[in-house]
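Nothing in this text is a laboratory measurement; each read-out follows from the coordinates by a stated rule. For clarity, every value in this text was computed on a predicted model and none was experimentally measured. Positions of Cβ are generated from backbone atoms using ideal geometry, with glycine treated the same way; all protein chains shown enter the neighbour counts.
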Amino acid sequence: MSTLANANPTFVYSQTIGNQSTPPAHGFSAPVSVAIGTQGELFVICNYYEYQKNTKFIVKCSMDEDYIQHFGSYGTGPGEITWPNSLAVDNEGKVYLSDEWLNRITIFDNNGVFLGHWGEEGSENGMLNRPAGLAFDHDDNLLVADSFNHRIQKFTRDGKFLNSWGQRGHEPGEFNTPWGLTIDSSGNTWIADWRNDRVQQFSGDGSFIKQVGKTGTNPGEFNRPSGVAVDNEGCLYVVDWGNDRVQVFDPNGEFVTQFFGDCPGFSKWAIARMASDPEEMAAQRVQSRTLELERLFYQPTGIQVDSENRILIVDCGRHRIQIYQKASVSLEDIVPSQLGPQRPTQNPTELWGKL
């Protein structure tokens, strides 16, 4: 394992789940969101090219990369999905999915059985226009980032409207296409304000508290943040989509560190795939311009932190989830020989252009 940190806390790369594939093969196809179930199982929604209908599905797997099942399929009918964005799991283990194209929330049980859906396109209270991020609050009400209405809406689990806040703009408390959101242990809501290149924090009733970040590529700056998570110690994690990185902030919103991906090899599913067709895999490797770039994030989207402070980062462009562990070890306890590959000195997007 390799360590990526320049100050406490320390973050240690743990493992990778996934490779590019579609059912019945074990893998993901442009995963965009991950949710953690009540028993620690993972649900991952995939949403690749619009015209490839077999790339819209949900994978249920374990943290140890045991493939349990897949469910969901392309379409507009009950239980079908067209342009999925995010997932959330309630305290009964039911899985909720936001569908941007169908402007609805679809509900499955823990085994992928369709239970129902709700939502209607529009701008009135309770209506949706491109719903994105989802999160359950401490009362098990569902918060929805209503992205093209530039607001956050709160619903009961069966879709009854409770309240909303926000409007289009760039002032504190306003939004421009909000995407990911999360609820911290104090009941506050953190929202990735996509086109405003910032993260905003609100109280449980929607009152503005503070914002973190601004447009840019330096530490503490963002280029289209897409996902947010908060651990049990109050550290904030932001998926900086346009800069191909994840940034970490302390509970006061001060920058701590950043990392760009550190996958050193292959997941269990990838190894099985290579063994099943070694000639094809060898041909694909020959076409790769460099293996160095493949360890890095490419268009990461979503993020979750579990109760053990394991950080799950949805590495959309590389069809996988990279997992890190937040460690309490100090840098003085780590000798240089233990350190693996460090983050690049340039944004990976810039590196692509030079190859």
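Things worth noting here:
- Fully extending the segment from residue 92 to residue 277, taken as 0.36 nm per residue of separation minus the present Cα-Cα distance, adds 62.5 nm.
- Potential lengthening between residue 74 and residue 111 on full extension [0.36 nm per residue; Cα-Cα distance subtracted]: 11.5 nm
- Label-to-label distance, residue 233 versus residue 39, with points set 7 angstrom from Cα along the beta-carbon direction: 3.1 nm.
- The DSSP beta bridges internal to the chain are antiparallel in roughly 95% of cases.
- Rg(Cα)/(2.2 N^0.38 Å) for segment 10-58, N = residue count: 1.31
- The percentage of C-alpha pairs in segment 138-277 whose separation is greater than 20 Å is 49%.
- Note: relative contact order over the chain, using C-alpha pairs below 8 Å and six or more positions apart, is 17 percent.
- Here segment 131-174 and segment 23-73 have alpha carbon centers that stand 25 Å from each other.
- Förster radius 51 Å - calculated FRET efficiency between residue 161 and residue 266 (Cβ-Cβ, nearest 0.05): 0.65
- Shape of segment 58-97, Cα gyration tensor, a/c cut at 1.5: oblate
- Normalised contact order of segment 159-305, rounded percent, pairs of Cα under 8 Å and 6 or more residues apart: 16
- Spin-label model distance (nm) - residue 53 vs residue 25, 7 Å beyond Cα toward Cβ: 2.1
- Residue-wise HN-Hα coupling along segment 227-236, computed from phi with Karplus coefficients 6.51, -1.76, 1.60 (Hz; x: Gly, Pro): x, 9, 8, 10, 8, 6, 10, x, 6, 9
- Backbone N under 20 Å from the residue 64 label point (7 Å along Cα→Cβ), restricted to segment 291-322: 306-312, 321-322
- Fraction of alpha-carbon pairs over 26 Å apart in the chain - percent: 47
- Size check on segment 1-138: the Cα extents along the three principal axes, sorted descending, read 47, 36, 29 Å.
- Projected label points at residue 138 and residue 120, each 7 Å from Cα along the beta carbon direction, are separated by 3.3 nanometres.
- Only lysine pairs 8 or more places apart, or on different chains, with alpha-carbon atoms under 21 angstrom apart are counted in the chain, and they number 6.
- Once the Cα-Cα distance is subtracted from the 0.36 nm per residue extended length, the residue 292 to residue 208 segment shows a gain of 26.0 nm.
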